[in-house]
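Novice: Following this message is one structure expressed as C-alpha cells.
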Ligand code: TA6
C-alpha cells in the first residue's frame, strides 16, 4: 500500500477526518502537498504530511491559536511559514556546518502517518513517524526514530518522542516552532520568562537576564534557557503554552526590516504574529545514549 493509499484509508476510518492537497486548499499556485483535514465538534485543523506540520488549529467558537503567513509557499522540501514547524534534530543553524538546512531537516520531509483515531473526549489523535535514512545520515550521522503525536480537540497537544537506535551518543536539539496570532504587537507581551537567562541572537548570542515580561520593539530573537513549564502570550485572546520536558523557550519576531527580507513573510505581515517556541536548545540540548528514548510535550490553548 502506498503512503497516499495508507493515508486515505486511515482518514476514511475516522469521523471528521479527510484528505486534501495544498493546491486545492491553499490555491493552484501551490504544489499538491498532502494535507490532513480535521473538522469535528471540537476544532478545525489542517496538518501537512510534510514535516507532520500543523498549519492551522482553531477550537470551535474560539479564535485561531496558530498563525500562518499569507505568503507561505507549499512545495516539496520547503518549510511552511507558520503553524508549528518541527525543528529537529537541531535548532537554528547547524553549529558544525552552516551549509546544512536551518532548523534541521525533518520539516522538509514527508513523515509516515502511523495512525489516526478518535479518543474518548472526541479529540482526534494523529501519530506520525520518522526514521533516519541514508539521505538523512549524510546530514546527521546518527540512526534514530522519532514519533510525533498531534492531538486536536479543545486544545492542541503535541508530543515528540526520540529514540537513539544507533551505537553512539546522539546530540539532539529541537523546537516546536509555533507561530501565534497577536492583535496588536506593540502591546503584546510574554509572561513566564521573568529572571530567566537568554541568548540574544540579534547580538551574537550575548547572554542576558530577562527582567519582567518580554515586549516587542523591533527584532526580538532570544533563546531562553532552563525556563518554567508555562508561558502566556498576553494578547487578545491570550494564549497559554504548557510544556513538559521542554527547558528552552525561543521568542521571535523579526521586526519590519527582517520580515521584508523573508520572501514567504513580507514586511507587511510582521505585526500579525509572534513565535514562542518550546523545545531544548543550546545548553538544554539532549544527548541520547544508544537505545535511549526521550520525549517532550506541549499543549497550546486559549488562556
Ligand atoms: O526561532 C527563531 C529563528 O531561529 C530566527 O532566527 C529565524 O531564523 C526563525 O527561526 C525562522 O527560521 P526559518 O528557518 O524557519 O526561516
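Readers should treat all values here as calculations from the given coordinates under stated rules, not as data from a laboratory. The shown structure was predicted, so the numbers you read here are calculated from the model rather than taken from an experiment. For neighbour counting, all protein chains shown are included, and Cβ atoms are generated from backbone atoms with ideal geometry for every residue, glycine included.
Novice: Based on the mean of other Cβ atoms within 10 Å per residue, sort peptides 212-220, 74-82 so the most packed one is first.
Specialist: Packing order, densest peptide first, comes out as 74-82, 212-220.
Novice: Please report, in cubic angstrom per residue, the volume enclosed by the convex hull of the alpha-carbon atoms of the range 157-303.
Specialist: Considering the Cα atoms of the range 157-303, their hull volume per residue is 119 Å³.
Novice: Beyond 33 Å, how much of the Cα-Cα pair distribution for the chain remains, as a whole percent?
Specialist: The calculated P(r) of the chain puts 19 percent of pairs beyond 33 Å.
Novice: Arrange the following residues from fewest to most other Cβ atoms within 10 Å of their Cβ: 142, 205.
Specialist: If I rank by nearby Cβ atoms, fewest first, I get 205, 142.
Novice: Using R₀ = 22 Å, calculate the FRET efficiency as 1/(1 + (r/R₀)^6) where r is the Cβ-Cβ separation of residue 32 and residue 165; round to 0.05.
Specialist: Calculated value: 0.10.
Novice: Okay, next question. Which ordering of 295, 132 is given by a fewest-first count of other beta-carbon atoms within 10 Å?
Specialist: If I rank by nearby Cβ atoms, fewest first, I get 295, 132.
Novice: How big is the range 102-175 by the Kirkwood estimate over distinct Cα pairs, in Å?
Specialist: 13.7 Å
Novice: Which order, highest average first, do 277-286, 262-271, 42-51 follow once you tally other Cβ atoms within 10 Å for each residue and take the mean per peptide?
Specialist: Highest to lowest by the protection proxy: 42-51, 277-286, 262-271.
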